[in-house]
Amino acid sequence: MLAGMRLPGPADLAEFCQGVIRTCTNDLERRRAFYSRLTNNYLTGTDGLDSARHNVLQEVIKESSADLYADGMARFGVDVDQQYGDDLLDEEEAVGEDAQRWWHNSRSGKAMAKAVEWAHVWPAAVLKVFVEPGEGEVLVRMLPNTADLGLLSPNVPEWENQEGLVQSFSMDLSSFERRVRHRPYYRELMRTALATAQPPDGRDAMPAAFRSIILAQWTPNLIGMPSGGALGQTGVELTMADPQSREPEVRLKELWVWDDAMNDYRVVTMMAESALLVDDHGNPLVPKAHPFFPVILDPLPFSAWSVPVMVGILKMQMMHESFLEWITNVLGMQFDPPLVATGVAGMLEEKLDALRSPGGDFTNPLPQGKVENFAPSMPPDAFPMLSELKQMMGRRVGRPPAMTGGGDPSRSGDQVIHKALLSAGATLNRAMAVEGAVEAVATYGARLRHRINHVPLRNPADGSEFLLNQFPEEFVIKVDAHSISPIAQEQNREKIMFLIKEGAITKEDAIRLLGIPQMDRMARKARRLGRAQAALAKQRMAIEETKAAAKMESAKK
């Protein structure tokens, strides 16, 4: 429960909000530099300007991300308060299917998949839920630069209890003009915007080698545009990803602060270079909740941020790169070994150059002359050491050799799978953290759609229609059977098959739980087939009852 603050009146609101923003962003530049370095490490596999020969960091993190979240397998259910009992069972199914379609059709699942990957790299990857202007569609997108989000209480681990959050973003001049066109102080806002707007490169405080890039450009709504710093790429081969836009942009700060008088969040947008208010209104989204949701794999009990998983394997990547450099040097000396000539008369360098050329030879008048090469031998543990380093990195992120196909080759396939599942404890723990984030984002998005969506849903039992806003607002979206993680899905497969065999679940439920291709279409077919079979069974029962009644009548006669 938030015990926030009572905001001042209009006369002092700008000054008050500016103070809260300064508190939330007091370490903004330090965090941007830290995020920039982490991003560079991940994208290049080095701590410098050049890319690694083999970026094992990306391999291991992408494999771990695939274990934690598989977007195509995500299936949702709905929980409502116990007071409703089984009265809304069929409606719950319809709402869950609607949430699942929205999750995939709006590309919210794609944003979550990207957030899971970058949650390995950064202290947190943050998703924001918002309504697309004009379209009215609820969208979920990952903030391209988490360093641009500041918290009033970074020592509070629970993000839902944050009383103040500030997002720094930018907007091009034309979009800003459309946003403030009907404000009473339009001229003052535009005069300040024209005086302070500058191209993206002009506001970048990082060195040229760490110049920020923008991976996704979104419309200037509640998401805004990234304000630079974290997504820095380096190396000549990565410069094509650096946008060369020179269009001036206006820097803005969006503050979500809890207001006791409203018993809800208040949203205040200010110009970063002055104390001018651009927007000031109540929470336009879900009441008593802000739209920022972190994906954190290893949460800390004393901080809203975490130590990135990548930090624990970064030095191993550097060791891997050093070993590859040594192996490359040895192979180079084996292919082009150093030569030592003794007892050779004449121009020695020219004669050795001749020996290094195809078909090269020379004559030597001295009888004791000889030429030897000193090619070094490859250490026997050189290549196995590379494999061992990758396994060490895998174990650090929760992927021991048993999960990657390593182990005793004499074991059967079922034994290998069983052993892999037994060793997946750390991965399953992180998968549960991701599942919690998925449920939080999906619940917020579904509740927001509950408020604005007027498209009727169909009851799967009797075909009747109802509106989403007629469903109880306090519902919670849950991930069905831990379906987002392939590891958890494999663990549940035997249980699902047992329930099918015992008749404890319907064929439709089995199709959804197993997550087979074209799941929705096949589930509808199974539902239709189930109804036909039930109708046929009812007809047969009626026929049997008619026959039994006829026999009784004939017996009486």
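Annotations for the structure displayed:
- When Val257 is tested against the conditions (1) at pLDDT below 90; (2) among the β-branched types (Val, Ile, Thr); (3) under 26 Å from Ala115 (Cα atoms), the lone failure is (1).
- The condition (being over 30 Å from Val455 (Cα atoms) and among the hydrophobic types (A, V, I, L, M, F, W, C)) is satisfied by just one residue among Leu127, Leu139, Leu149: Leu149.
- Under the condition of being touching a residue at least 40 places away in the same chain (Cβ under 8 Å) and either of a type in the set (Lys, Arg) or surrounded by fewer than 16 Cβ atoms within 10 Å (Cβ to Cβ) (or both), the residues counted in region 446-459 number 6.
- Residues (in contact with a Ser or Thr (Cβ under 9 Å, 6 or more places away or on another chain) and modelled with pLDDT under 90) located in region 300-345: Val330, Gln334
- For beta carbons closer than 7 Å, sequence separation of 6+ or different chains, a first residue in region 301-324 that is in contact (Cβ under 8 Å) with a residue 60 or more places away in the chain and a second that is assigned to a helix (DSSP H, G or I) and among the β-branched types (Val, Ile, Thr), the qualifying pairs are Met310/Ile61; Ile313/Val60; Gln317/Val56; His320/Val56.
- Residues in region 153-184 that are modelled with pLDDT of 90 or more, part of a loop (DSSP other than H, G, I, E, B) and touching a Leu at 6+ places or on another chain (Cβ under 7 Å): Pro157, Gln162, Glu163.
- Among residues of region 113-157, those that are surrounded by fewer than 19 Cβ atoms within 10 Å (Cβ to Cβ) and within 29 Å of Asn40 (Cα to Cα), counted: 5
- Search result, residues across region 265-301 that are under 19 Å from Glu163 (Cβ atoms) and hydroxyl-bearing (Ser, Thr, Tyr): Tyr265, Thr269
- Answer residue from region 497-537, given it is among the polar types (S, T, N, Q) and at pLDDT 70 or above and is nearest to Ala70 (Cα to Cα) among those: Thr506
- Unmet requirement for Ala216, which otherwise passes all of (1) of a type outside the set (Ser, Thr, Tyr); (2) modelled with pLDDT under 90; (3) not in a loop (DSSP other than H, G, I, E, B): (3)
- Taking residues in region 54-77 that are free of Cβ contacts under 8 Å to residues at least 40 places away in the same chain, and partners anywhere that are in a helix (DSSP H, G or I), not one pair has Cβ atoms closer than 6 Å while being at least 6 places apart or on different chains.
- Residue list for region 76-87, filter: buried (at least 18 other Cβ atoms within 10 Å of the Cβ) and either out of contact with any strand residue (DSSP E or B) (no Cβ under 6 Å at 6 or more places or on another chain) or in a helix (DSSP H, G or I) (or both): Val78, Val80
- Residue match in region 92-112 (condition: over 21 Å from Lys478 (Cα atoms), surrounded by fewer than 18 Cβ atoms within 10 Å (Cβ to Cβ) and either outside the structural domain of Thr23 (by TED's automatic domain parsing) or without any contact (Cβ under 8 Å) to a residue 40 or more places away in the chain (or both)): no
- In region 179-198, of all residues being under 29 Å from Leu151 (Cα atoms) and of a type in the set (Lys, Arg), the one that is surrounded by the most Cβ atoms within 10 Å (Cβ to Cβ) corresponds to Arg179.
The values are calculated or read from the model by the stated rules, or taken from the named source; none is laboratory data. Owing to the predicted nature of the structure, the values given are computational and were not obtained by experimental measurement. A quick note on method: Cβ atoms are made from the backbone with ideal geometry, for glycine too, and the neighbour counts reach across all protein chains shown.
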